[in-house]
Amino acid sequence: MSAQTVIDELQRLGMTGYEAKAYAALVAAGGPLSGYEVAKRSGVPRSTVYETIAKLAGRGAAYEVRAGEDNVSYIALPPNALLDRMSREFDASVDSLREALPQLAAPAQVRMMHDLPDRGSLLARAEDVVGAARNDLFVSGYPEEVEELKPLIRKAEQEGVEVTAVVFGEDDDPVGNTFTHRFSSPEVVLENLGCRLLVLVADREQAVIGGAVEGEGWGAFTDDPAVVLVAVEYVRHDIAMHLIAERFATADEFDSFWRSDPTLRRFRSDHGAPGALLKRIGVGGSQPRAVRGRRRREPRIS
C-alpha cells in the first residue's frame, strides 16, 4: 500500500489532508521530528504545520517530546494503537446513531426504489441489504455473486439471522440453509434468463433484484412491500418446487412433464427477457452480451 493510499484512507476516517500527511510523516520517521521536519517531509506548509500537529495531538494521534524547554519534537501514536482507538470511537458513534437516528425518522411517506447501473453498485447495495437483516435473509443467485457476499452473510448468520439460499451451481462451502438448483443446469438457466439473476431480501422489508453477465450488472433496490413479497415468494417457491419434485417425481417423469407441458413450454419461450428487463432498469447500464451458444433446453423450476 502506498503512502498516498494511507493518507487517503486516513482522510476517509476523518482526518484532514494535512493531518493525514503529517501523521504519515511521523510514522515513517520512526522517531521524534521537529515541526520543521514534519513540514519538510509531509508537504504540509510551515505556516500551518504546528496547528496541524496540535490537532493530531488533540486526537491523541501524536505527542510532544521535550528534550529541553525550547527543544520540542513530536512522535506518532503507533499505527495499531491509532487504529484501535479509531475503531472504538467509530463503533461508539455508530451505536449512538443507531439509537438516535430512528427517533428522528418520520414515518415513510413514499416507498423507495432506485436503480443499480452496474455490477459494483449491485453488489454494494446487496451488502447493505445483508447488513440490514436482523431476523431472516433470503438469497438466490449464482456462485459468482453469492461468493462475494458470503463474509457478510456468515456474519449475519452468526448474529442470529436465519439464512435461506438457492444457489445455481455447486457450492463447496454453503452458508445457512442452502439448496442447490439441480433440475436445470446453471448454463441452461442462464440461457433462459439472459443473466445470472440475484435476489436478496432482508426481514421481508427490503430487497435487491438484479442480474449479471460476465463483468456487467444491473438491478434495483426497493422497500416496496409488494415487490419485496414477490421476491421472498420467488425464493420460497423455487425451494418448495425442488423439494416436491425430489420427493414425488422420478427423473424420467419429471423431465417428460417439463418438456411436454404446453404451458411450461410457452413460459420457456421468452429466453433472455428477464436479463433484458433488468438491463433497462439499470440507468446507464451497458448492453449485456448475449450468452454464447445454443444449448439443449432443459426444464427450469423457478
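List of remarks:
- Under the condition of being modelled with pLDDT under 75 and either under 17 Å from residue 136 (Cα atoms) or of a type in the set (Phe, Trp, Tyr) (or both), the residues counted in segment 211-256 number 2.
- Residue 160 in contact with a Leu (Cβ under 7 Å, 6 or more places away or on another chain), among the small types (Gly, Ala, Ser) and surrounded by fewer than 23 Cβ atoms within 10 Å (Cβ to Cβ): no
- Segment 29-39, residues that are in a helix (DSSP H, G or I) and in contact with a strand residue (DSSP E or B) (Cβ under 9 Å, 6 or more places away or on another chain): 29, 35, 37, 38
- Cross-chain or 6+ apart pairs with Cβ under 7 Å, segment 168-186 first and under 21 Å from residue 151 (Cβ atoms), then aromatic (Phe, Trp, Tyr) and surrounded by 14 or more Cβ atoms within 10 Å (Cβ to Cβ): 168/142; 169/142
- Among the residues of segment 9-23, those that are loosely packed, with under 14 Cβ neighbours inside 10 Å and part of a helix (DSSP H, G or I) comprise 9, 12.
- Selection within segment 60-87 - in a helix (DSSP H, G or I) and among the aliphatic types (A, V, I, L, M): 81, 82, 83, 86
The values are calculated or read from the model by the stated rules, or taken from the named source; none is laboratory data. Predicted model only: the values in this text are computed from it and were never measured. For neighbour counting, all protein chains shown are included, and Cβ atoms are generated from backbone atoms with ideal geometry for every residue, glycine included.
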